[in-house]
1. Within region 311-352, which residues are under 14 Å from ARG300 (Cα atoms) and either assigned to a loop (DSSP other than H, G, I, E, B) or in contact with a Pro (Cβ under 6 Å, 6 or more places away or on another chain) (or both)?
2. If you check GLU104 against the conditions, is it farther than 21 Å from PRO41 by Cα, open to solvent by 40 Å² or more (accessible area, probe 1.4 Å) and in a loop (DSSP other than H, G, I, E, B)?
3. Collect the residues in region 79-99 that are in contact with a Pro (Cβ under 7 Å, 6 or more places away or on another chain) and not in a strand (DSSP E or B), keeping them in residue-number order.
4. Find the residue count for region 81-95, including only residues that are open to solvent by less than 50 Å² (accessible area, probe 1.4 Å) and either out of contact with any Gly (no Cβ under 9 Å at 6 or more places or on another chain) or at pLDDT below 95 (or both).
5. How many of the residues making up region 288-310 are of a type in the set (Lys, Arg) and in a loop (DSSP other than H, G, I, E, B)?
6. Could you please find all residues in region 317-360 being under 30 Å from the mean Cα position of the chain (by Cα) and more than 24 Å from THR123 (Cβ to Cβ)?
7. Among the candidates VAL235, VAL252, single out the residue that is among the β-branched types (Val, Ile, Thr), within 30 Å of the chain's Cα centre (by Cα) and open to solvent by 80 Å² or more (accessible area, probe 1.4 Å).
8. Quick check on my filter: what residues within region 333-375 are touching a helix residue (DSSP H, G or I) at 6+ places or on another chain (Cβ under 8 Å) and open to solvent by 40 Å² or more (accessible area, probe 1.4 Å)?
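The values are calculated or read from the model by the stated rules, or taken from the named source; none is laboratory data. In this text the structure is predicted, and so the values were computed from the model without any measurement. As a convention, Cβ positions derive from the backbone with ideal geometry for all residues, glycine included, and neighbour counts pool all protein chains shown. Note: areas computed on protein heavy atoms with side chains; ligands, DNA, RNA excluded. Shrake-Rupley method; radii C 1.70, N 1.55, O 1.52, S 1.80 Å.
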Amino acid sequence: MSLPATTSPVIGIVGSGGAYGRWLRGFFQSRMALEVIGHDPVDSDSHTPEQLLEQADVLLFSAPIRHTPGLIRDYIRQSGGREHGRLWLDVTSIKTAPVAAMLESQAAVVGLHPMTAPPKAPTLRGRVMVVCEARPDARWQPWLARLYAALEADCVAATPEHHDRVMALVQAMVHATHLAQAGVLREYAPLLGELQALMPYRSTAFEMDAAAIARILSLNPAIYEDIQFGNPHTVEMLDRLLRQLQQLRALVGAGDDASRAAFRRQFLTGNREAIDAATLQEGNYSFERLGYLLADLSERRAISVHLPEDRAGSLRELLHVFERHGISLASIHSSRTPAGEVHFRIGFDHEYAAEIVEAAVAEIDRSGIGRVLER
């Protein structure tokens, strides 16, 4: 392979019509200025597998977890050794089987796992990406370093085996507990009402769990199914989780002082002592911050503004409008729409007269600084 291919390679995406395939195409084109070609059975206008094998210097598999190992082997058979000197990547949530399949090729092999659904943002800033450099090639290392830098993710290195063991806890256990909670809520719905009927009674912890349940049930169910069924370590984790719940059930069912003491010893003191003090302190602080965020976002004395010009000083100009109208701000939070627009939600300290807020809103709209979306 010639040197230019490793400095400005053609990217081939297998699964280019999926959610991550579409996001990756946009990322490679806009952030790295690379040519991207792709194949997807749902897109009749996409390139053929043969065209990807012939033209792509980097082949990236972004397909459903259960199909990825077999799909990789199909490409190996069709490639017939042409992949030698090229780079193969995958972005599935399970790493052992896909990476093992890629290692049957003659390509350099790196398994990637972005720890997020395709974001609305253009990069993975603020998110984690696990990197399994299974068969690195020195010729590809400079380009891989550019890729990691452009993605802006917090990269953590792991072997495929260690990755899957960790994901049995980080993903499979978390999803399983929230899906079980959703099942319990469904069973109680005829007696106490559906989830929305419980939200007026919410605690911060319940609200965050409800948000996690809604997130899981809103996205592609095949992903969550494959995370449970595709990870070889899920059953062991579920057995351990079930034992913990059974022990808790037995203690609460007994209900005597000895059971209360055992509960404190096993579930409170024992678990607390298993986590170092700094981690406990940081986690408790993170929970408090999330509580403050939820409180800010529930504030009714607020407006949402879109700043159409992404330039230095735009937010400062917006804040000066409120200053001129004598409006004190309590909070500012940014978020992105599905289209990627950045919106600022601005909360006020006081219940200002409607005409004061309307005057500020009118100036924002009239000046072109921003577009007020809701108030």
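1. ASP349, HIS350, GLU351, TYR352
2. On the way: farther than 21 Å from PRO41 by Cα: yes; open to solvent by 40 Å² or more (accessible area, probe 1.4 Å): yes; in a loop (DSSP other than H, G, I, E, B): yes.
For GLU104, the condition - farther than 21 Å from PRO41 by Cα, open to solvent by 40 Å² or more (accessible area, probe 1.4 Å) and in a loop (DSSP other than H, G, I, E, B) - is met.
3. Scanning region 79-99 gives VAL91, THR92, LYS95, THR96, ALA97, PRO98, VAL99.
4. Of all residues in region 81-95, those open to solvent by less than 50 Å² (accessible area, probe 1.4 Å) come to 81, 83, 85-95.
Those still in the list that are either out of contact with any Gly (no Cβ under 9 Å at 6 or more places or on another chain) or at pLDDT below 95 (or both) too: 81, 83, 85-88.
Residues meeting the conditions: 6.
5. From region 288-310, those of a type in the set (Lys, Arg) are 289, 300-301; that's our starting set.
The next check asks that each one be in a loop (DSSP other than H, G, I, E, B); those that pass are 300-301.
Within region 288-310, residues that are of a type in the set (Lys, Arg) and in a loop (DSSP other than H, G, I, E, B) number 2.
6. Step one: of region 317-360, the residues under 30 Å from the mean Cα position of the chain (by Cα) are 330-347.
Those that are under 30 Å from the mean Cα position of the chain (by Cα) and more than 24 Å from THR123 (Cβ to Cβ): ALA330, SER331, ILE346, GLY347.
7. Values: VAL252 fails: within 30 Å of the chain's Cα centre (by Cα).
The conditions single out VAL235.
8. Answer for region 333-375, where residues must be touching a helix residue (DSSP H, G or I) at 6+ places or on another chain (Cβ under 8 Å) and open to solvent by 40 Å² or more (accessible area, probe 1.4 Å): HIS333, ARG345, SER367, ARG371, ARG375.
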